[in-house]
Structures are given as structure tokens and as C-alpha cells.
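Values in this text are rule-based calculations from the coordinates and carry no lab data. Given the structure is predicted, the values throughout are model-derived calculations rather than measurements. Using ideal geometry, Cβ is built from the backbone for each residue, glycine included, and neighbour counts are taken over all protein chains shown.
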Amino acid sequence: MHLQANGITKWFGEKDNKTYALKNVTFEINRGEMLYIIGPSGSGKTTLLSIISGILKPNEGTIIFNNKDIWKLSDDELCDFRLYTLGFVFQDFHLFPKLTSKENVAIPLILQKKSMDEALTKASKILGIVGLKHRENFPPYKLSIGEQQRVAIARAIVTEPELLILDEPTASLDGETGKKIISFIRDNILTKDRAIVIVTHDNRIYNFATRIIKMEDGELNSETGNLDES
Amino acid sequence: MQSLLIISLKLLANDRGKFFLLIIGITFAVFLMMQMLSIFAGIMHRAAATIYNVGAKIWVMDPSINTQTDNIPLPSYILDAVRSINGVKYAVPLYSGTGLVKLNNGNYQSATILGLDDATLFGRPNMLSGDIVDIYDDDAYIVSKDTEFVKLGSPKLGTTFEVNDHRGVIIGHAEALVNGLFGSPTLYTTYNRAITDLPQTRFTMSYILVEPKSEQDIIYIQNEVKQLGYIALTKDGFVEKNTNYYLYKTGLGTNVLVMTIVSFIVGLSIAGQTFYTFVLENLHQFGALKAIGAKKNELITMILFQAAIVGFLGYGFGILIASIVIALAKLRLSNYASLVTIDNLILSFIMVLIIILISSYIGVRKVIKIDPFDIFRG
């Protein structure tokens with residue numbers, strides 16, 4: 001087992017304004033799997049993603065990662081947990097427009113206190129893996145959306161995280177490019193020591209998942225097994 | 001941390017428009033502040049020209065004196081009393097007054113006339129031409145070759161003129177360590193000739209100039225003079241009294257203060273607004289950094305570093321441009337009163353620090369407040 005979410009409940013507001021975003025959600029993420037969290041808008045996918053990432057604190061429940069409850073860590077330990085264990089690909093990528101692709105990719109390593117040279121060398125290598133070595137000195141705004149997506153993926157995997165989290169990775173891509181990206185992630189990024197969690201409601205890419213969790217109204221509605229095997 | 005600082009600098013420097021606007025804003029503010037402060041310092045320096053040019057260590061005067069141009073004559077017994085104070089090496093009278101000079105072409109020109117003690121010529125200037133001893137000749141005057149020299153018709157040695165219907169002859173040209181502020185040329189003569197040639201009140205001594213036996217004696221001398229009902233100020237003390245008068249008892253200080261504050265506000269507005277926009281445009285990226293694992297103090301350091309870099313660059317350019325402008329102006333305009341002092345540099349630096357802190361505070365507050373959860377929510 002890799003990460004376990006137990007009885008996660010999250011609400012916003014108090015008393016009369018109390019709105020439940022998540023209700024008693026329990027599931028686990030295993031190494032080597034590509035887990036999809038799907039569901040309609042407002043079903044609690046993003047909230048769940050934020051909670052397992054150590055960004056949003058649940059009101060109830062625990063997130064156990066490597067036998068530790070991450071929500072019992074101090075603020076700085078939580079930052080380190082995200083920095084050294086997780087990799088993020090945000091829906092809008094959030095790349096710094098005034099830095100080159102290579103520098104953008106190097107940022108997590110720099111936050112890990114690696115030297116500039118070491119960080120840039122590794123960033124360059126990772127950009128090679130995602131097929132953007134020839135674009136490493138270009139700023140993101142000179143890249144296509146698909147290329148920006150790959151830079152964001154490179155930034156997420158440059159620290160060799162155990163858990164990669166992608167938020168709506170195909171939202172701004174056309175169908176073909178979306179499939180290519182997810183296929184690339186499955187074939188090149190997913191390893192037996194790493195888990196990938198993808199939040200999406202793009203049903204065109206569901207067949208790439210090894211497991212799918214469906215959310216509805218803040219609750220875990222259903223789990224689907226390994227689609228590749230089905 | 002060094003790599004993070006390099007990245008934060010690149011973030012800012014690669015956004016060339018904002019980077020240059022920030023530097024220009026601070027440069028402009030520093031330039032304006034330096035101009036105002038330097039002009040004020042220059043005016044104050046010139047307003048104390050006689051104090052610097054005479055150079056006495058201690059000046060005894062009436063307590064009502066506010067500036068070096070005030071003339072409240074001292075009774076002669078005070079000179080004897082001061083001379084009898086322990087710690088006084090010697091004390092001499094100084095006449096400082098204004099005389100109306102009639103030039104050879106028939107024009108009149110007001111001039112500052114300093115009468116030096118006949119026995120010692122204490123406070124005498126450095127001679128550029130002529131011999132100081134010739135001051136004892138009949139009707140002898142020395143003219144200071146300051147910026148007002150031309151107003152006396154640029155007199156050569158031997159040039160004659162009239163002072164209060166008395167004949168005067170230029171026997172030498174003196175160096176002016178500091179040019180005067182009030183537009184009148186300066187003539188040196190002996191104390192006795194000054195009180196003979198110029199209309200007088202009952203008492204004639206404007207100041208008593210004192211040379212102490214040692215620096216340690218100064219406070220004792222000051223206390224003793226105070227007992228006599230007068231005050232003894234050191235050279236710096238007299239300059240400060242002079243400055244304080246213009247600063248606090250005339251509109252000059254207020255005007256300079258207002259202009260300096262306006263310059264500060266201009267700089268703060270440009271820098272603050274630009275920096276805020278810069279942070280705002282990169283807010284989601286900073287939020288993403290937070291989500292990735294950047295700690296608060298790292299983000300604060302990044303923003304402070306960016307602000308500090310533009311602040312210091314702006315300060316450097318501002319000082320450089322202000323100094324060049326002042327130097328060029330002095331070359332072209334001999335009466336341009338402007339002086340770059342350490343105090344001005346420090347004051348401008350402090351103001352730049354305040355601009356940096358306020359500008360970065362706005363940015364830091366924004367970055368600290370952004371919730372990484374918002375980044376996920378888009």
C-alpha cells in the first residue's frame with residue numbers, strides 16, 4: 001500500500017452555512033497504479049486531491065502515507081512532504097512565463113536546495129524524456145499547449161516523486177493530444193514504484209486508467225477495477 | 001538558497017518592462033530626493049560661509065544670534081573676561097558687518113566686511129595674490145575671490161574704491177573656502193580699520209574668536225562664557241545653529257521637506273504599483289510554488305530579494321545621475337548651491353529602504369495569502 005485515505009470528511013462554512021464537500025471517503029492508492037478520480041463538477045474531486053496532497057486539511061479522517069498521518073506533520077514537514085514525495089501537474093500548468101522551460105522544470109530541485117547547475121542539468125535531461133530537449137530554452141508562452149503540458153509534467157517528475165498528481169490534464173487539450181499525453185504518461189512516467197492520480201471528467205481517456213474512483217456529491221460512488229485488464 | 005535567489009532575479013529581470021520601470025521609478029525618486037537634499041545642504045553650507053572661511057574653533061556671541069549674518073555687538077569687557085578663562089589659549093575680536101562699496105564706475109555694491117584682529121589677524125584667509133602683511137598699509141582691503149568677486153568689478157591689486165566715504169585699496173586676493181549665499185562679495189581688513197571706516201553702534205565686536213588650549217577645555221570654556229550671559233559655540237555648533245534657524249524658523253526646511261516627501265511618494269507610487277502588478281501577474285505561479293512545497297520564508301525571501309535588487313540598482317543610478325547633474329551644474333553655474341553629503345546619501349538610502357519594504361510588503365502579503373487550494377480550483 002502506498003497512500004490510504006480513511007473516512008475523509010470535509011465541510012466548508014459553519015452551522016447553517018455548512019456545506020459538505022466530502023463525506024467519509026475511504027480509498028487507497030497503490031504503487032504502480034494509475035488511479036483516476038472522476039465525477040461531475042462539484043462532486044469533491046479537487047477537494048479530495050488537495051487533501052491527499054497535504055494542501056487542504058480535512059475536518060475528519062486521516063491520510064496515511066508510508067505509515068504516517070500526513071496531517072499530523074508540521075507546516076514545514078508538510079511542505080517537505082509535497083516537495084520530496086509528490087509531483088503536481090496543475091490544470092492551467094502555472095509555469096512562470098518569464099523563465100525558460102528548463103528553468104521552470106528546475107524549480108522543484110532548486111527548492112530542494114540543489115545547486116543551479118545540478119538542477120538545470122537534471123531539468124534538461126527530464127525535458128529530453130518528455131521530448132522537449134530542443135525547446136528547453138524557450139519560455140512557455142512560445143510553446144504549444146501540448147508542449148506546455150509536457151513541461152509541466154517534466155516539472156512534476158523532475159524530483160522523481162512517489163506520487164504524481166494531475167489535475168484535469170486534458171482539459172485544455174484536443175482529444176488526440178490529450179490521449180497522446182496520457183498515453184505518454186502511462187508508458188514513460190508510470191513505474192512500479194510510483195503511483196499516478198489523475199482527476200478528470202474527460203471520458204475519452206478513461207481507458208488508460210488502471211483503476212477509477214467515481215465521486216458524486218462528496219461521496220465515493222463506485223470503484224472500477226483495472227481497465228487494462230478488463 | 002542561492003539558486004532560488006538567482007531564479008527570483010531572473011523572474012523579475014526577464015520581465016524587462018517592469019524591471020526597468022521599477023528601476024526608473026526608484027532612480028527618479030532618488031534623483032529628486034538627492035537634488036532637494038543636496039540643494040538644501042548646499043544652501044546651508046553657503047549660509048555658514050563666514051564660519052567656515054574664518055575657521056575659528058570657538059565663537060563667542062550674544063545668545064540671541066541665530067545666524068552668522070546676525071550682528072549683535074558685544075561689550076569689550078567680555079573679551080577680557082573670555083581671555084581670563086582657564087583653557088583659553090587666546091581670544092580675539094572679529095568685526096562682521098555690511099558696507100556699501102562705491103566702485104570706480106560710480107555704482108554701489110553692498111559687501112560683507114570682516115575686520116580681523118590687528119595683532120594676530122586670526123581668521124585670515126589664504127592669499128591667492130598679494131601679501132597679507134600689506135593689510136596694515138593705509139586703506140588696505142583684501143577681496144575674497146569667491147563667486148561674487150565680479151560684483152566688485154573683478155578688482156585687480158591696487159584698485160581703489162570707497163567704503164562709507166573712506167578710501168579703500170585692494171592689496172590682495174583671498175581664497176574662498178566656501179562661497180557665500182547672500183550674493184554679496186567679501187572684503188577683509190583689520191578690526192580697527194573696519195570700525196573706523198564703517199558706521200558703528202556703541203559696541204563694535206561682532207564675535208570673539210577663541211582658540212582653546214586643548215579640545216578638553218572647550219566644555220569648560222562654554223560653561224564659563226555661559227556664566228557671563230553669552231554663549232560659546234564650536235565651529236560645528238555654530239554651523240548647526242545656523243542650519244537649525246533656516247530649517248525650523250524659516251519656510252526653507254518645510255519646503256525642502258515637502259519636496260522630499262513628494263519625491264518619496266513619486267518613487268513609492270511607481271515602485272509600489274509596478275511591483276504589485278508584477279506579483280499579481282505571477283500570483284498563481286507563486287501559489288503553484290507553494291503547492292509544490294515552497295515554504296513561506298522562501299517565497300518572502302524571493303520577493304524581498306527582487307525588491308532589494310531593484311531598490312539598490314535604482315539607488316545607485318539615482319545617486320550617479322544626481323551627482324553628475326550637480327557636477328555639471330556647478331561647472332556651468334558658479335552660484336549653484338548644491339552639496340552631496342554623507343547625511344544626504346544615508347537619508348536617501350533609508351527612504352529607498354522604506355520604498356522597498358512597503359512595495360515588497362504589498363507583494364508578500366498577497367503571496368502569503370494565496371491558498372494553494374485555489375490553484376487546484378483554478
Can you tell me the equivalent ellipsoid semi-axes for the range A:1-119? Use √(5λ) from the Cα gyration tensor, largest first, whole Å. 29, 18, 15
Those residues of the range A:136-152 whose amide nitrogen sits under 17 Å from the label point placed on A:Asn188, 7 Å along Cα→Cβ: A:136-138, A:143-152
Work out the charge dipole of chain B with +1 on the Cβ of Lys and Arg and -1 on the Cβ of Asp and Glu about the Cα centre, then indicate which of B:Leu313, B:Ser359, B:Ile221 is farthest towards its positive end. B:Ser359
Placing +1 on the Cβ of each Lys and Arg and -1 on the Cβ of each Asp and Glu in chain A, which of A:Ala119, A:His201, A:Ile182 has its Cα farthest towards the positive end of the resulting dipole? A:Ala119
Per residue convex hull volume, Cα only, the range A:29-82, in Å³ is 96 Å³
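Over the range B:75-229, what is the relative contact order in percent, taking alpha-carbon pairs closer than 8 angstrom and at least six residues apart?
Reported relative contact order: 35 percent.
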Cα-derived Rg over Rh, computed across the range A:3-224 with Rh taken as Kirkwood radius: 0.97
Please list, by residue number, everything in the range B:146-175 whose backbone N is under 13 Å from a paramagnetic label point 7 Å out along Cα→Cβ of B:Lys102. B:161-168
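Taking neighbour counts of Cβ atoms within 10 Å as a proxy for exposure, in what order, fewest first, do B:Ser64, A:Ser144, A:Ser124 appear? Walk me through the numbers on the way to the answer.
Details: B:Ser64 8, A:Ser144 11, A:Ser124 18.
Fewest to most other Cβ atoms nearby, the residues stand as B:Ser64, A:Ser144, A:Ser124.
Evaluate the Kirkwood expression for the hydrodynamic radius of the range B:98-236, namely the inverse of the mean inverse distance over all pairs of different C-alpha atoms, and round to one decimal in Å.
Values: mean 1/r = 0.0617 Å⁻¹.
It works out to 16.2 Å.
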Need the C-alpha centroid separation for the range B:133-194 versus the range A:16-58, integer Å. 93 Å
Relative intensity, log₁₀ I(q)/I(0), of the protein assembly as shown from a Debye sum that treats every alpha carbon as a point, q = 0.05, 0.06, 0.08, 0.09 Å⁻¹: -0.45, -0.55, -0.69, -0.77
Fewest-first ranking of B:Ile218, B:Ile142, using other Cβ atoms within 10 Å as the exposure measure: B:Ile218, B:Ile142
At R0 = 30 Å, how high is the FRET efficiency between B:Ala119 and B:Leu247 if r is their beta carbon distance? Nearest 0.05 is fine. 0.20
Which of the lysines could be linked to A:Lys15 by a straight reach, that is with a Cα gap under 20 Å, when you skip same-chain ones fewer than 8 residues away? A:Lys23, A:Lys57
Identify the trypsin sites (Lys or Arg not before Pro) of the range A:1-60 meeting these criteria: DSSP loop state and at most 13 other C-beta atoms within 10 Å of the C-beta. A:Lys18
Subtracting the Cα-Cα distance of B:Val150 and B:Lys226 from 0.36 nm times their residue separation yields 23.2 nm
Could you please rank A:Arg194, B:Arg83, placing first whichever residue has the fewest other Cβ atoms within 10 Å of its Cβ? B:Arg83, A:Arg194
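As a test, work out the antiparallel percent of DSSP beta bridges whose residues both lie in the range A:53-208, rounded to the nearest 5. Intermediate values should be presented prior to the final figure.
On the way: 2 of 11 bridges.
Once the DSSP bridges in the range A:53-208 are tallied, antiparallel ones form about 20 percent.
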DSSP bridge pairs, the range B:75-229: antiparallel proportion in percent, nearest 5: 70 percent
Cα centre as origin, Lys/Arg/Asp/Glu Cβ charges: the protein assembly as shown dipole, Debye: 1100 debye
Once you charge only the Cβ atoms, +1 for Lys and Arg and -1 for Asp and Glu, what is the size of the charge dipole of the range B:75-229 about its Cα centre, to the nearest 20 debye? 280 debye
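With +1 on each Lys and Arg Cβ and -1 on each Asp and Glu Cβ, how big is the dipole of chain B about its Cα centre, in debye rounded to the nearest 20? Before the final figure, lay out each step's value.
Working: 29 positive and 28 negative charges, 368 e Å.
The calculation lands at about 1760 debye.
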Determine the relative contact order of chain B: mean sequence separation of Cα pairs under 8 Å and six or more apart, normalised by residue count, in whole percent. 30 percent
Given Cα pairs under 8 Å that are at least 6 residues apart, what percent is the relative contact order of chain A? 29 percent
Taking only the alpha carbons of the range B:266-330, the radius of gyration and the largest Cα-Cα distance, Dmax, both in angstrom, are 16.6, 57
Between B:Ile309, B:Ile368, B:Ile221, find the one with the highest GNM mean-square fluctuation for chain B; connect C-alpha pairs within less than 10 Å. B:Ile368
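Which longest run of chain A has no exposed loop site in it, a site being GluC sites (Glu not before Pro) in a DSSP loop with at most 16 other beta carbons within 10 Å, and the site itself not part of the run? The partial results should precede the final answer.
Numbers: sites that count: A:Glu14, A:Glu229.
Looking at chain A, A:15-228 is the longest stretch - no exposed GluC sites (Glu not before Pro) with at most 16 other Cβ atoms within 10 Å.
Taking a temperature of 25 °C and a viscosity of 0.890 mPa s, what whole-number D in µm²/s does Stokes-Einstein yield for the range B:1-159 with Rh from Kirkwood over alpha carbon pairs?
Numbers: Rh = 20.9 Å.
Rounded to a whole number, D works out at 118 µm²/s.
To the nearest whole number, what is the average tally of beta carbon atoms from other chains within 10 Å of the beta carbons of peptide B:262-274?
Values: counts 0, 0, 0, 0, 0, 0, 0, 0, 0, 0, 0, 0, 0.
Mean number of neighbouring Cβ atoms from other chains: 0.
Starting from the Kirkwood radius over alpha-carbon pairs of chain B, derive D by Stokes-Einstein at 20 °C in a medium of 1.002 mPa s and give it in µm² s⁻¹. Present the calculation step by step, with values, prior to reporting the outcome.
Working: Rh = 24.5 Å.
Stokes-Einstein gives a translational diffusion coefficient of 88 µm²/s.
Quick check on the protein assembly as shown: of the DSSP beta bridges with both residues there, what percent are antiparallel, nearest 5%? Walk me through the numbers before you get to the answer.
Working: 52 of 80 bridges.
Taking every DSSP beta bridge within the protein assembly as shown, about 65 percent pair in antiparallel fashion.
So which of A:Lys98/A:Lys180; A:Lys180/B:Lys10; A:Lys10/A:Lys214; A:Lys98/B:Lys18; A:Lys114/A:Lys192; A:Lys68/A:Lys113 end up more than 22 Å apart, counting from Cα to Cα? It would help to have the intermediate numbers written out before the result.
Numbers: A:Lys98/A:Lys180 27 Å; A:Lys180/B:Lys10 33 Å; A:Lys10/A:Lys214 17 Å; A:Lys98/B:Lys18 12 Å; A:Lys114/A:Lys192 26 Å; A:Lys68/A:Lys113 24 Å.
Going by Cα-Cα distance, A:Lys98/A:Lys180; A:Lys180/B:Lys10; A:Lys114/A:Lys192; A:Lys68/A:Lys113 fall outside the 22 Å limit.
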Along the dipole axis of the range A:1-88 (charges at Cβ: +1 for Lys and Arg, -1 for Asp and Glu; origin at the Cα centre), the most positive-end residue among A:Gly39, A:Ser74, A:Gly54 is A:Gly39
